[in-house]
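Taking it in order: structure first as structure tokens, then the write-up.
The values are calculated or read from the model by the stated rules, or taken from the named source; none is laboratory data. Everything numeric in this text was worked out from a predicted model, so none of it was measured. Methodologically, a virtual Cβ is constructed for each residue, glycine included, from the backbone with ideal geometry; neighbour enumeration extends over all protein chains shown. These accessible areas exclude ligands, DNA and RNA; they are computed on the full protein's heavy atoms, side chains included. Shrake-Rupley method; radii C 1.70, N 1.55, O 1.52, S 1.80 Å.
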Amino acid sequence: MAGYQGRWKPCAEVNPDDLKWADAIVLWRVEFSDHVKTIIQVAHEYNVKIIFDTDDITFMPSLARTDIIDGIRTIGVSEERLEVFFHDNWRTMVNADLCFAPTHFLSQLMRAHRPLGYTVPNTYDTAALTLSRLAARKKRAFAETDIIRIGYPAGTPTHQRDFLRIVPTLTALMKTIPHLRLVLFRHKDTLSPTVIINEFPELSQVASQIEWRDLVDFPDLPAELARFDIAIAPLEAENIYCNAKSELKFFEAALAGVPSVVSPTHPYRECIEHGKTGMLAETPEEWHDALSQLIENAELRATLARNAYHSCLWHFGPQKQAKLLKSIFHSLENEEAATQEAEIQLARGTCPARNLPDIPPCTLLYEKDALITSDITVIITSYNYEDFLLEALESVRSQTIENLDLIVVDDGSSDSSVTLTREWMKRHSERFNRLILLKTSYNVGLGGARNCGVSWAESHYFLPLDADNRLLPEACTTLLAAMTPVTAYAYPIQQQFSSPAVHALLGEADYTPMRLKSGNYIDAMALIGKWAWAACGGYYVQRDAMGWEDYDLWCSMAEMGLQGTHVKQILAEYRVHSGSMTTGVTEKAEHKKKIVALLEKRHPWISLVQKETRTTR
């Protein structure tokens, strides 16, 4: 995705042909040896950069003690052997050109030995995301109503002392809540557990409430995680070794629709907003309070899980990592490139998401889910548009793409839009993989209604369609073909229509981000990556931006360096009529004056050319 080719192989199998082919070699947790020494020497002769990468503190021999790393005693290795392993990792690291680590805490420790170091967060790929979201949907469709599962997805028995911290809390909760289950794991063949419960006698009192699951291969992991109602990751927050652990457990659970309670280590404090995207707990009282809240409140669990999912889409997503790696690898080419990329990296910082998308309250009125994966969700937002709504719906039904989802968000209409939509959905339910009808709790405005729809979308891409417009049959298929894994959105040309006839075209200009400086030239009808929507904090929801939400989103994407692309085909139809938002809201003099000031404040680099109202689009 970053534009580079890669090969993965055991270090012992690296040969001269690999060194001739490569521009950079990443050594992951590799112990120094004569073979490694030769690799580094030959690589430098070929001007190939050596990168040392690790996801734990594997380079500080002084930490190889059981009082710091409790896992030493459970993995069958001595302190002396681990000290040698750490020392040999350190030798590899100090002979490398630069270092990678998944957390800021770990990369900062590495810089004491090798000053050039980058934080490259752990990530997930598209397949893992797809499996995770499908698992979350299946959990929702077939969930048991009474059982609440707390899952501890340990893969090895190396965190006994960490787990000990919450055993009294878990035992107390399970004693008082009969429908509470603790999910632990074991090896399928040997039945050896990843948590040695013999070290925790208290758990014998609630043994009947412990649910043992077999360890699974990675493709089956999302389904196991989705069975949880709450995921936990207890760690010794004051322990330097634990503080280097990555956020992997948090984002794997989040993608599967599960909220987490974790210890407040440095990485978790950086990525979790307590009470919004997860819970941080250190003392027994904090663990008891956090778990109790989530056990008792299903709505809170759902909200935290949704927010965690949205926060992870960008921060741990492959698009962000591709952007980061592209900049790092380019900086290794020469001094000029290093200087250019340093400027970008310093300005960009950690390239965080803008904020969590604001999702107004809404009610689910109709749902059909065939539990099949689609690439695209069309999202229709409607407010008192019963006269046009059927045309919009039929244009979606007529799409040539086979697998398609449809979400309709009624934004507090007072006409018969809801009844009309529900009846239409029932008649045509077989056409779609998923059909969702939502109604906002009050008239939240276009941005809020769209955010509601996107939050329910389970596809990688969504296409917003206003209820008075129409898609041409090839729209979804053609726009999807124009997307790459790092393309944020693709927009087509649109044909205006009305009575009397108007035949002007919209969206004819090529994608050039700086063109947005003068004003918007991209309509809302574009295919958008959900990850890009999440990175920008979703659509702006305040009513003072009514009608300009799409322009605000395009400006945010430009600021984050997220690329759009133009599809030079007429794929949609834009209705011009007296009741449109453009006529009734956007181009009203007082509203436009306020919104121009708002947009220029939110995006100081823009300077709108057309600040006065206009009579036609």
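Loop-located trypsin sites (Lys or Arg not before Pro) in the stretch 200-287 (DSSP state not H, G, I, E or B) with no more than 14 neighbouring Cβ atoms inside 10 Å: LYS276. Please give me the summed charge of the neighbours of ALA572: other residues whose Cβ is under 11 Å from its Cβ, Lys and Arg +1, Asp and Glu -1. It works out to a net charge of -2.
Using only Cα atoms, find the angle between the long axis of helix 335-348 and the longest principal axis of the chain, and express it within 0 to 90 degrees, rounded to the nearest 10. Approximately 70 degrees, to the nearest 10. The fraction of accessible area contributed by carbon and sulfur in the chain is 52 percent, rounded to a whole number (1.4 Å probe; ligands and nucleic acids excluded). Summary value for the stretch 355-414: 45 percent relative contact order, contacts being C-alpha pairs under 8 angstrom separated by 6+ residues.
Projected onto its three principal axes, the C-alpha set of the stretch 231-383 covers 57, 49, 28 Å, listed from the longest axis down. The convex hull of the Cα atoms of the stretch 247-327, projected and averaged over all directions, covers 5.3 nm².
For the stretch 40-119, would you read off the P(r) tail past 17 Å as a percentage of all alpha carbon pairs? More than 17 Å apart: 49 percent of the Cα pairs in the stretch 40-119. Over all orientations, the stretch 339-403 has a Cα convex hull whose mean projected area works out to 8.9 square nanometres. About its Cα centre, the stretch 111-159 has a charge dipole of approximately 140 debye under the convention of +1 per Lys or Arg Cβ and -1 per Asp or Glu Cβ, with nothing else charged. Seen from every direction in turn and averaged, the convex hull around the alpha carbons of the chain projects onto 30.1 nm². Hydrodynamic analysis of the stretch 429-499 uses the Kirkwood radius over alpha carbon pairs. Inserted into Stokes-Einstein at 20 °C and 1.002 mPa s, it gives a translational diffusion coefficient of 147 µm²/s. Averaging 1/r over every pair of different alpha carbons in the stretch 120-201 and inverting the result gives a Kirkwood radius of 15.4 Å. Comparing ALA112, ALA143, ILE69 along the charge dipole axis of the stretch 1-159, the residue lying farthest to the positive side is ALA143, per the Cβ-charge model. Compared with the dominant principal axis of the Cα atoms in the chain, helix 318-331 is inclined by about 70°.
How high is the relative contact order of the stretch 362-472? Use alpha-carbon pairs under 8 Å, at least six apart in sequence, and give a whole percent. Rounded, it is 45 percent for the stretch 362-472.
Placing +1 on the Cβ of every Lys and Arg and -1 on the Cβ of every Asp and Glu, with nothing else charged, gives the stretch 206-248 a dipole about its Cα centre of roughly 40 debye. Values of log10 I(q)/I(0) for the stretch 195-285 across q = 0.11, 0.17, 0.21 Å⁻¹ run -0.37, -0.88, -1.18, by the Debye formula with one identical scatterer at each alpha carbon and no solvent.
With all protein chains kept in place, the per residue accessible area of the chain amounts to 44 square angstrom at a probe of 1.4 angstrom.
I'd like the GluC sites (Glu not before Pro) in the stretch 161-240 restricted to DSSP loop residues with at most 14 other Cβ atoms within 10 Å, sorted by number. Those satisfying the criteria are GLU238. Extent along the principal axes, Cα only, for the stretch 382-436: 33, 17, 16 Å, with the longest axis given first. Computed over the chain, relative contact order equals 10 percent, with contacts defined as Cα pairs under 8 Å that lie 6+ residues apart. Taking a sphere under 10 Å around the Cβ of ALA281 and counting the other residues whose Cβ falls inside, with K and R at +1 and D and E at -1, yields a net charge of -3. Counting Lys +1, Arg +1, Asp -1, Glu -1, what net charge surrounds VAL418 among other residues with beta carbon under 12 Å of its beta carbon? Net of charged neighbours comes to -3. As I understand it, the value is the acute angle between the Cα axis of helix 298-315 and the longest principal axis of the Cα atoms of the chain; what does it come to in degrees, rounded to 10? Once rounded, the angle reads 90 degrees.
Normalised Debye scattering of the stretch 134-266 at q = 0.11, 0.16, 0.22 Å⁻¹ gives log10 I(q)/I(0) of -0.38, -0.85, -1.55, counting only Cα atoms as equal scatterers and leaving out solvent. Take TYR118: with every protein chain present and a 1.4 Å probe, its accessible area is about 40 Å².
Under 14 Å from a point 7 Å along the Cα-to-Cβ line of THR400: which residues of the stretch 463-482 have their amide N that close? The answer is 472-482, whose backbone nitrogens lie closer than 14 Å to the label point. Evaluated with a Cβ-only charge set (Lys, Arg +1; Asp, Glu -1), the chain carries a dipole of roughly 900 debye about its Cα centre, given to the nearest 20. Global size of the stretch 1-150: 19.7, 65 Å for Rg and Dmax (C-alpha atoms, Rg to one decimal, Dmax whole).
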